[in-house]
1. Roughly how tilted is helix 426-440, in degrees to the nearest 10 and between 0 and 90, from the longest Cα axis of the chain?
2. Sketch the reach of a paramagnetic label on Glu261 as a point 7 Å from Cα along Cα-to-Cβ, and name the residues of the range 442-457 whose backbone nitrogen lies under 15 Å away.
3. Could I have the simple spin-label model distance between Arg272 and Ala318, label points 7 Å from Cα toward Cβ, reported in nm to one decimal?
4. Rounded to the nearest 5, what is the percent of antiparallel bridges among the DSSP beta bridges in the range 149-336?
5. Please arrange Ile34, Ile89, Ile262 by how many other C-beta atoms lie within 10 Å of their C-beta, fewest to most.
6. Can you give the calculated 222 nm mean residue ellipticity of the chain, where each DSSP H run of n ≥ 4 adds -39,500 (n - 2.57) and the sum is split over every residue, rounded to the nearest 500 deg cm²/dmol?
7. Sequence gap at least 6, Cα distance under 8 Å: using those rules, report the relative contact order of the range 149-336 to the nearest whole percent.
8. Answer with one residue from Val117, Ile10, Phe293: the one whose Cα lies farthest towards the positive end of the charge dipole of the chain, charges on Cβ with Lys, Arg +1 and Asp, Glu -1.
Amino acid sequence: MAEKSLRTIIIGAGMAGMLAGIKLLERGETDFVIYEKGASAGGTWRENTYPGLACDTPAHSYSYSFALNPEWSAFYAPGTEIKAYFEGIAQRYGLLPYIRFNTEIERCDWRDGRWHVTTKAGDTDSSDILVAASGVLHHPSVPAIPGLEDFERPWFHSARWDHSVPLDGKRIGVIGNGSTGVQIVSALAKRAARLVHFQRSPQWIMPCPDLQYTEAEKQAFRDDPEKIEAVRNGPDAAARKARFTAAIIDMDSPELSEIQEIVEKNLEESIRDPELKEKLRPNYRAACKRMIFSAHYYNAVQEPTVFLENKAIERVEATGIRMKDGTFHELDVLAVATGFDVGKFVRPMKFYGEGGMDLDEFWKKGPRAYYAVTIPHFPNLCLLNGPTGPVGNFSLIDIAEKQWAYFEQLVDLVRSGQAKAVAPTEAALETYEAARNKDAMRTVFASGCSSWYLDANGVPQVWPWSYDHFVEVMRAPDLSDYALVA
Ligand code: NA7
């Protein structure tokens, strides 16, 4: 039977949307479009430009498997290089003609066996296949701190950094100490006249090497891609991945105890002042919140310019922040590194599936997807890095590649005419979710802390099993869990 030619619409020109485009081009498919609401590609690496920005996954792992990059300057690459990498990929793989920039999708309707999308400007398009690659860490979460809007000096969310604001010699406030806040403070400690780091909960800090690649090392990577493979998948990387997965999926594992010892030793040996040490000591287990890797934070926070404020914020005033005990910190500039509204996923876009099924309604108890990729009643729809996928300090590029390879096998059923449309059954999603929720409560993420991994009921919305299990299930879809529309 002749293959049916299919049109694909991809939403988002970040890492995952670009991946889908490249993979389509690789198999000779040119009938696709990538809608991107921003003015350039790169997703999160376009939006985040704050000082100190780096990826907490080793650079050689945070690269497409088909586009290794011997030029990474460091083991953990700075954000500017990662952004340039994605821009280079868009050029090199000929993706730019397929991307419609400054075009925001507002709604997607499954009607008459096709997806019909409508842009914010009111334009329409339709396709057989729809790929939602709109990102997770995407909607800035601005804290509801009283008075924030009344601050009369520059302030911004970390993902909306205003580079016109001078920082050198200024009094800088940073609220939040997730990966972002820690990176910002590490970068600005020596530049500020005074830097106040507002910490609501302490964080465990995993020490890591500040390893810059020498020209000789880069040359060796250029000469022999196997050396890059060794960094990605060699014994050290495999051991790191295995240790970390074992630790996160079982809060009582010896691997987690080992990680706990490392972070406690780091705190013990790095911080001299006993009072500061206690301010920085969390009362929950290591890796309960997303693990922070930093070679510099503990040095930064001991700079004479830096003050770690761990008391509760009362309100923001016109010129600074008032603490509940009355202390006032005057600030010239304030950065809120308070994370992202991660529960939104594809929203605020509206999705209507079979029979007009509203995704908001389907997700009223929280975002769910079968094996994190497909959704019952929403045929021929793929989520890349959607809800409940692996997030435990793995490379999301690797995760997206595997999810795409899985989804392509479903598309093949449509392409070959074996089905007109493919969606998982509701029963399959229920079975998956029941097992996932149960096992999620054994993970370290559920061991007693707040974090962006938890849903409103305190259940971690993540992959609670091993990385190897993820690889295994992504190898091929179990078609008995799918409804194929003939
Ligand atoms: P995170 O990891 O969600 O961290 C947000 C930080 O902001 C965290 O320290 C929060 O404290 C703090 N926060 C949030 N709301 C408030 C209010 N209202 N007052 C004070 N402090 C607040 O976001 P990041 O941007 O650092 O990192 C997100 C991911 O990006 C990261 O995991 C990597 O994957 C890359 P809390 O701990 O909740 O007390």
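None of the figures in this text is laboratory data; all of them are computed from the coordinates on show. None of these values were measured; they are calculated from a predicted model. A quick note on method: Cβ atoms are made from the backbone with ideal geometry, for glycine too, and the neighbour counts reach across all protein chains shown.
1. Computed tilt is about 20 degrees.
2. Counting only backbone N, you get no residues.
3. Here the answer is 4.1 nm between the modelled labels.
4. Working: 7 of 25 bridges.
The antiparallel proportion sits near 30 percent.
5. On the way: Ile34 27, Ile89 22, Ile262 14.
In order of increasing Cβ crowding within 10 Å: Ile262, Ile89, Ile34.
6. Numbers: 14 runs with 148 residues, N = 486.
The helix contribution divided over the chain gives -9000 deg cm²/dmol.
7. Numbers: 279 pairs, mean separation 74.0, N = 188.
Worked out over the range 149-336, it gives 39 percent.
8. Result: Val117, furthest along the dipole toward the positive end.
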